[in-house]
Amino acid sequence: MDDRVILRIGAKILIPFILLFALYVQFHGDYGPGGGFQAGVIFAAAFVLYALVFGLGNAVKVLPPQAVYVCGALGVMIYMGVGFVTMALGGAFLDYNVLAPDPTHGQHYGILAVELGVLVTVFGVMVALFYAFAGRRRLDL
């Protein structure tokens, strides 16, 4: 019999709301405080909570370390990709104005894409750091 029933049920209820809040912070970052970095940390915090409550082994089954490493690299590639697309469209690196006929819309699209890259990278790095530290065994010297 597991003695942490309330903790497990509470985590199952909270984790979807944490992920939803991370998405809110991500997409609200254009208009107020927040953005990719904050959303990535909040998104990673949901997985850290899952690992703390349900165990590191279960967390690794849900999100393998290889997927975490891919997230870290994929976010950087998204960020760079936006810059290369702007250069291919005739602008400077990360000149968002060329992404749409209206410069205001181009700025909006560019910032959303770059912030998505930041979210994915920060999420991957934060979870990778947690896996690295949580997976270590305590050495009694």
Problem - Scan of the stretch 14-35 for residues that are surrounded by 13 or more Cβ atoms within 10 Å (Cβ to Cβ) and either in a loop (DSSP other than H, G, I, E, B) or among the basic types (Lys, Arg) (or both), ordered by number - result: GLY29, ASP30, GLY34, GLY35
Problem - Residue among GLN38, GLN66 that is in a helix (DSSP H, G or I) and surrounded by 14 or more Cβ atoms within 10 Å (Cβ to Cβ) - result: GLN38
Exercise for the section: Kindly establish whether LEU119 is without any contact (Cβ under 8 Å) to a residue 12 or more places away in the chain and assigned to a helix (DSSP H, G or I). Expected result: no
Practice task
Scan the stretch 65-93 for residues that are aromatic (Phe, Trp, Tyr) and under 21 Å from PHE123 (Cβ atoms) and report the count.
Solution key: 2
Problem - Hits in the stretch 1-13 - residues which are in contact with a helix residue (DSSP H, G or I) (Cβ under 9 Å, 6 or more places away or on another chain) and exposed (fewer than 14 other Cβ atoms within 10 Å of the Cβ) - result: ASP2, ARG4, LEU7, ARG8, GLY10, LYS12
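Every number here is computed from the coordinates shown, using simple stated rules; none is lab data. Nothing here was measured: the structure is a model prediction, and the numbers come from that model. No Cβ is skipped: glycine too gets one built from the backbone with ideal geometry, and neighbour counts run over all protein chains shown.
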